[in-house]
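The values are calculated or read from the model by the stated rules, or taken from the named source; none is laboratory data. Given the structure is predicted, the values throughout are model-derived calculations rather than measurements. Ideal geometry is used to build each Cβ from the backbone, glycine not excepted, and the neighbour counts take in all protein chains shown. Note: accessible area is taken over every heavy atom of the protein model, side chains too, but ligands, DNA and RNA are not part of it. Shrake-Rupley method; radii C 1.70, N 1.55, O 1.52, S 1.80 Å.
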Amino acid sequence: MSADRTLRVCQLSESQFQSMADDWQACLARSDAHPLFMGWPWLYSWWQRWSQVLGLQLLLLGVYDRSGELVGIGPFYRRDQVTPTGLRVRRVHLIGNAWHVAPTVRTEYCSLITANERSDDVYQALLEALHTLPWDEWVLCDALESELQRLEQNDGELGPEIYRVNRVRDEGVRIETSGSFDDWLVGLGSNTRLKVFNRRKYLESRGDLKLTSSPTGDSAQFLSRLNAFHKARWGKPAFDHEALLFHQHMIERLEKFGGRVHLSELYFENECVSVLYDVTVAGQRINLQAGYQEDLDPRVALGSLHLGYAIEDAFGDQETAYYDLLAGGGKNHDYKKHYRGQIVVFQTVQLVRNPFLSSVYRKQHKMPATLRRFVNRWLKL
């Protein structure tokens, strides 16, 4: 099926990417794409920090209607990978992740951006345009199943034989906050409720416990403190130099478009013992990172306690519908699953259209998982 010919798809330059913030955010607001991770403040800040360092080629697609209004965005880039055998693999990615390239900040809920009033036509137009570009694989990271189902319904636009390789499955937790915080607490297990709420009174009985908020103008100092907590706990900082710059730029840009940044600090006896970094965008509060002192008191899980304050604040904000803990577990166990939230499944897949690579992956599918991982690491596939 051909896309609506009243739509015009353009490949946009880096200078256009830089200057299209208002149009991008207006299109995003009329779509179902994630308001933070698919937003211009996040994706442009990511591109600014890592595109040159990693040698990425921008393949940004914009879809315009007859009046010239932006109604769809395909935030693609390409990077060629050369395997040890000399095979060149042309990989297309979505801006925000550099899968098997280098560590960057993690971008979740990845998708194309299509204005709801013409969503199907715009989606089809983006895939048709992507089909005309030179690539062997499209790597789609941390996407919802709904996005993958949509792709399956339209993958004929990418070529006659697309082979899907499932690579990584991860889970996150999202807490609905439109109800009562007290009701949410009651539904928790007794041990979880103790950690996120009941230990407040115990800690208050031992000394002065105070929750404060750091101004976003001091984000560099806040993130440095977060890094120090992480280094003590994990042996490495949460954010390297590039990631620190990313977050500082993203915070500044996000606030210009109405996003709220929460740089929360918990003090005990006038000493900062925990920090928590959240943002709120379009009714969703998202927990990006946290760090805390591990040895304050063996009876207190400071990270959980601080998170309890943030979740309570989200419940108290009538404009906030969800508190999103995102993907990833804790150091010792997956604590998020105890928080009585919705499980969100993220998947990373490769959509392969190169016939030779498709045959390689099909043969790998029959291998034991350990052997398959070894071969992929060796071949850089």
Can you tell me the orientation of helix 241-256 relative to the chain, as the angle in degrees between its alpha-carbon axis and the longest Cα principal axis, to the nearest 10?
90
For the chain, which whole-number percentage of the solvent-accessible area (1.4 Å probe, protein heavy atoms only) is attributable to carbon and sulfur atoms?
47
Restricting to the chain, compute how many DSSP beta bridges are antiparallel as a %, nearest 5.
90
Determine the relative contact order of the range 134-274: mean sequence separation of Cα pairs under 8 Å and six or more apart, normalised by residue count, in whole percent.
23
Once you keep just the Cα pairs under 8 angstrom separated by 6 or more residues, what percentage relative contact order results for the chain?
21
Scoring the range 246-290 by relative contact order with C-alpha pairs under 8 Å, at least six apart, yields a percentage of 28
For the chain, which span is the longest to avoid every loop-located (per DSSP) member of GluC sites (Glu not before Pro) having at most 16 other Cβ atoms inside 10 Å?
162-268
Note: residue 10 to residue 220 extended length (0.36 nm per residue) minus current alpha-carbon separation gives 71.9 nm
Listed residues 234, 99, 47 arranged by accessible area, highest first, probe 1.4 Å:
234, 99, 47
Any chance you could give the angle, 0 to 90 degrees and rounded to 10, that helix 219-234 forms with the longest Cα principal axis of the chain?
80
Candidates per trypsin sites (Lys or Arg not before Pro) in the range 286-357, loop by DSSP, up to 13 other Cβ within 10 Å
299, 331
Taking the range 191-320, the whole-percent share of alpha-carbon pairs separated by over 24 angstrom is 29
Show log10 I(q)/I(0) for the range 270-315 at q = 0.24 Å⁻¹, two decimals, from a solvent-free Debye sum over equal Cα scatterers.
-0.88
Hull volume per residue for the chain, using the convex hull of the C-alpha atoms, in Å³ is 154
extent check for the range 146-232: Cα max minus min per principal axis, descending, whole Å, gives 68, 37, 26
Using alpha-carbon coordinates alone, the radius of gyration and Dmax of the range 16-63 in Å work out to 11.2, 33
Mind checking Rg over Rh on the range 269-364, alpha carbons, Kirkwood formula for Rh?
1.17
Helix 369-379: angle to the longest alpha-carbon principal axis of the chain, degrees 0 to 90, nearest 10?
70
Provide the per residue accessible area, probe 1.4 Å, for the chain, rounded to a whole number of square angstrom.
46
Here the Kirkwood hydrodynamic radius of the range 226-276, Cα-based and in Å, equals 12.5
Take the Cβ-Cβ distance between residue 146 and residue 90 as r, set R0 to 35 Å, and report the resulting FRET efficiency rounded to the nearest 0.05.
0.80
Of 219, 213, which has the most accessible area with a 1.4 Å probe, and how do the rest follow in descending order?
213, 219
Once fully extended, how much extra length lies between residue 228 and residue 366, figured as 0.36 nm per residue of separation less the alpha-carbon to alpha-carbon distance?
45.2 nm
